[in-house]
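The structure appears right after this line, and notes come after that.
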């Protein structure tokens, strides 16, 4: 691993400090591309205007007509946290704006696969819908939309994924990544896109005279859901996304949130008044996602939709139990997948440029998480496959992939598909995460073809793991109350949480935890004693080491002390 300090422009730091930003925050923000204090203003008034998102006005007219004609709407959701929150925002928001007949349908990961398929369109029609609305999917559902239209349904597609060569023939499409869209926030999550559609709909209904600015429904109560889905989907936290997340966090900390979000905080043992983006990404998000991985995402959506605290607590408890099951399943799969990956190269050698593993006993709901863990461990683009459990599809393998910086996973799959027609049955995704279906008989061919693309595209510098940090931490900032300040800020994908790096003296080290798989350290940081822990690491460190670490606070018997969470060591 190579530890690299981020470039910190001194003039920008000075300008931010002069504008009243705390010196440490000024340094962190400047290193992440913030140039002026105005960019840190998270007021709702500074959100990008809805009309700049292509298709919102068309969608607003379509929805307003449906509301005024008392038509039946069904939202087709996705089975991850972004899809679940987008569905909850859509159902709640449409009802707030006057829709009387709004329901939803969420595909089953195993039986239905991803997106609006023709059978899903048929089911929506059979349930008596007039208008079908997709959230967090649909941009690639050319056949599904065509089926819905042939059945007489109107179709609104709201999505954020990259479109394919052909757009579906929907009545309206809202997606910041569709051709011709000038919306600045290309990283909006599916839930963010749906929230923007609701803002545009409210404007349309206001212009039709249904209410005025004083009497219009407030959409702000939906922001906790928007914040959760945005962070959980690991989209880049650009200025607009950071504002949405900051607003959601403020409401949650003030006690204003849906009963389901409150119940998820309690089930996860986290404190809503101290809510952070970490809670969304590592506590609430995984519990919602677990339903889509191992059970039925209806559980997650119902938890976010109910206004009954007792029902929310019951559903959050079920989600927590499913998540524990997911963790156990993932642990076993991860160990097996790692053993399989390690057979691909000899000890002391570098891993191959890309990793693909398959085991008949793998569970398809967890392959994405396992791929992510392998990618983190080996620093290689990784695909993990499981046999499809869909009826009649037993010969197919469902794969989920995760990538490293500098390797566009979806583009790599596109190239494999062109070079080897028939090997990949279908694929989709982003630069860093993608999925594909492969016929089992072609797994070896896929593995070789994918590795060859990686060999062609990647080079030594890309294959060397790099950890960007914010450089040394001044001793005066090593205080619990300052760590609290850092935790309250909005950090995430593309706006990395603060990580510092310094050479320290290791005073003592020992393995802790039930499985003795965490390294507990006592070290001297600039002459001051500090406790540190490196989760999941068992190799001892030398007496002096250049460590990369994040800051945390350890509470013991009422005393709060700064603790370093080690992220890596310079090799």
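Below, the figures for the structure above:
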read-out	value
Total residues in segment 461-479, condition touching a strand residue (DSSP E or B) at 6+ places or on another chain (Cβ under 8 Å) and outside any loop (DSSP other than H, G, I, E, B)	5
Any hit, segment 240-255, residues being buried (at least 21 other Cβ atoms within 10 Å of the Cβ) and in a loop (DSSP other than H, G, I, E, B)	no
Residue 315 being under 24 Å from residue 249 (Cβ atoms), in contact (Cβ under 8 Å) with a residue 40 or more places away in the chain and surrounded by 21 or more Cβ atoms within 10 Å (Cβ to Cβ)	yes
Subset of segment 178-223 (residues that are assigned to a helix (DSSP H, G or I), within 20 Å of the chain's Cα centre (by Cα) and in contact (Cβ under 8 Å) with a residue 40 or more places away in the chain)	190, 191, 192, 193, 194, 195, 196, 222
Members of segment 116-135 that are within 28 Å of the chain's Cα centre (by Cα) and without any contact (Cβ under 8 Å) to a residue 60 or more places away in the chain	116, 117, 118, 119, 120, 121, 124, 132, 134
Qualifying positions in segment 10-32 - assigned to a loop (DSSP other than H, G, I, E, B) and surrounded by 14 or more Cβ atoms within 10 Å (Cβ to Cβ)	21, 22, 32
Qualifying positions in segment 397-445 - touching a helix residue (DSSP H, G or I) at 6+ places or on another chain (Cβ under 7 Å), over 25 Å from residue 190 (Cα atoms) and either in contact (Cβ under 8 Å) with a residue 24 or more places away in the chain or assigned to a helix (DSSP H, G or I) (or both)	397, 415, 416, 419, 420, 423, 438
Strands (runs of 3 or more DSSP E) (entirely within segment 480-571) containing at least 2 residues that are closer than 24 Å to residue 242 by Cα, at pLDDT 95 or above and in contact with a helix residue (DSSP H, G or I) (Cβ under 8 Å, 6 or more places away or on another chain)	544-556
Every residue from segment 304-351 that is in contact with a strand residue (DSSP E or B) (Cβ under 7 Å, 6 or more places away or on another chain) and within 30 Å of residue 259 (Cα to Cα)	none
Among residues of segment 342-367, those that are outside any loop (DSSP other than H, G, I, E, B) and modelled with pLDDT of 95 or more, counted	5
Flag if residue 442 is surrounded by 13 or more Cβ atoms within 10 Å (Cβ to Cβ) and either under 20 Å from residue 544 (Cβ atoms) or touching a strand residue (DSSP E or B) at 6+ places or on another chain (Cβ under 7 Å) (or both)	no
Residue in segment 145-163 that is farthest from residue 414 (Cα to Cα), counting only those that are surrounded by fewer than 24 Cβ atoms within 10 Å (Cβ to Cβ) and without any contact (Cβ under 8 Å) to a residue 60 or more places away in the chain	152
Residue among 486, 511 that is crowded, with 18+ Cβ neighbours inside 10 Å and either touching a strand residue (DSSP E or B) at 6+ places or on another chain (Cβ under 8 Å) or free of Cβ contacts under 8 Å to residues at least 24 places away in the same chain (or both)	486
Matching residues in segment 534-549 - criterion: being surrounded by fewer than 19 Cβ atoms within 10 Å (Cβ to Cβ) and closer than 16 Å to residue 502 by Cα	541, 542, 543, 544, 545, 546
Looking only at segment 370-389, and only at residues there that are in a helix (DSSP H, G or I) and buried (at least 19 other Cβ atoms within 10 Å of the Cβ), the one that is nearest to the chain's Cα centre (by Cα)	372
Residue within segment 290-303 that is assigned to a helix (DSSP H, G or I), under 21 Å from the mean Cα position of the chain (by Cα) and farther than 22 Å from residue 113 by Cα present	yes
Qualifying residue in segment 272-283 (condition: at pLDDT 95 or above, within 16 Å of residue 84 (Cα to Cα), part of a helix (DSSP H, G or I) and in contact with a helix residue (DSSP H, G or I) (Cβ under 6 Å, 6 or more places away or on another chain))	yes
Verdict on residue 224 being crowded, with 24+ Cβ neighbours inside 10 Å and within 29 Å of residue 259 (Cα to Cα)	yes
Strands (runs of 3 or more DSSP E) contained in segment 41-144 and holding at least 1 residues in contact with a helix residue (DSSP H, G or I) (Cβ under 9 Å, 6 or more places away or on another chain) and surrounded by 24 or more Cβ atoms within 10 Å (Cβ to Cβ)	73-76, 131-135
Identity of the residue in segment 145-176, touching a helix residue (DSSP H, G or I) at 6+ places or on another chain (Cβ under 7 Å) and assigned to a helix (DSSP H, G or I), that ends up farthest from residue 53 (Cα to Cα)	147
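The values are calculated or read from the model by the stated rules, or taken from the named source; none is laboratory data. Owing to the predicted nature of the structure, the values given are computational and were not obtained by experimental measurement. Note: ideal-geometry Cβ built from the backbone for every residue, glycine included; neighbour counts use all protein chains shown.
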